[in-house]
1. Can you tell me which residue within the stretch 102-140, out of those that are touching a Phe, Trp or Tyr at 6+ places or on another chain (Cβ under 7 Å) and either among the aromatic types (Phe, Trp, Tyr) or within 15 Å of Ser22 (Cα to Cα) (or both), is surrounded by the most Cβ atoms within 10 Å (Cβ to Cβ)?
2. Which of the residues belonging to the stretch 71-89 are under 14 Å from Arg140 (Cβ atoms) and crowded, with 18+ Cβ neighbours inside 10 Å?
3. Filter the stretch 120-145 down to the residues that are over 11 Å from the mean Cα position of the chain (by Cα), aromatic (Phe, Trp, Tyr) and assigned to a helix (DSSP H, G or I) and list them by number.
4. Kindly indicate whether Val64 is over 15 Å from the mean Cα position of the chain (by Cα), at pLDDT 90 or above and in a helix (DSSP H, G or I).
5. Here's a check for you: in the stretch 19-57, which residue that is free of Cβ contacts under 8 Å to residues at least 12 places away in the same chain and of a type outside the set (A, V, I, L, M) is nearest to Ala127 (Cα to Cα)?
6. Could you please find all residues in the stretch 5-56 being closer than 19 Å to Asp128 by Cα, of a type in the set (D, E, K, R) and not in a helix (DSSP H, G or I)?
7. Could you check how many residues of the stretch 3-41 are more than 24 Å from Leu95 (Cβ to Cβ) and among the hydrophobic types (A, V, I, L, M, F, W, C)?
8. Pick from Gly51, Gly62: which is surrounded by fewer than 13 Cβ atoms within 10 Å (Cβ to Cβ) and small (Gly, Ala, Ser)?
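The values are calculated or read from the model by the stated rules, or taken from the named source; none is laboratory data. Fair warning: this is a prediction, and the values are worked out from it, not measured in the lab. Note that each Cβ is placed from the backbone with ideal geometry, even for glycine, and that neighbours are counted across all protein chains shown.
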Amino acid sequence: MRKAPARLFFLILFLLSADQLSKYLVRKWIDAHESIDLLPFLSLENIKNSGIAFGMLQGHTGLVIFTSSAIVLLLIVTALAIMHDSRFLWPLAFLVGGSVGNLIDRFAFGQVTDFLRLPHWPAFNLADVFIITGVAMLLRVFMLEPEKNEEEKEEEGDGRGVSASV
């Protein structure tokens, strides 16, 4: 159980580092709005986004930073509160790592660097991928493993797995 905080911290640090390194390299090597085709369905393009998903809230940087900061704080508090449950370790690491990655950009530059481009889809970055992955992992836990949650409650209710003192 003591390993959970360290594992969570290092997972977040790894994801955050990957996100920040990728954005740094894009800012350094790709000019603004330049596009480099990698595959027929994927290109790299240096795009600045002061809004949130799909470019919403452009020009409302203060509101976006405030709201993002509150969400990151809530995610960190949640992660610390439930990190003992290993089912939430990866989803929370992805959510916190991605959210903090974009928040760092907002504080440092007033916008995030988006660079992954698919046809007919707005540009996005690794932090966005991590956030979506974390949400999908949480959905999997809640939708595909509810029986495990009920079984754990039943075990606690019938005395198995709980030490009884008389």
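1. Phe130
2. If the condition is that a residue be under 14 Å from Arg140 (Cβ atoms) and crowded, with 18+ Cβ neighbours inside 10 Å, then Phe88, Leu89 are the ones that fit.
3. Selection gives Phe142 alone.
4. Details: over 15 Å from the mean Cα position of the chain (by Cα): yes; at pLDDT 90 or above: no; in a helix (DSSP H, G or I): yes.
It is false that Val64 is over 15 Å from the mean Cα position of the chain (by Cα), at pLDDT 90 or above and in a helix (DSSP H, G or I).
5. The selected residue is Tyr24.
6. Glu45, Lys48, listed by residue number.
7. Residues that pass the stated criteria total 7.
8. Within the list Gly51, Gly62, the selection yields Gly62.
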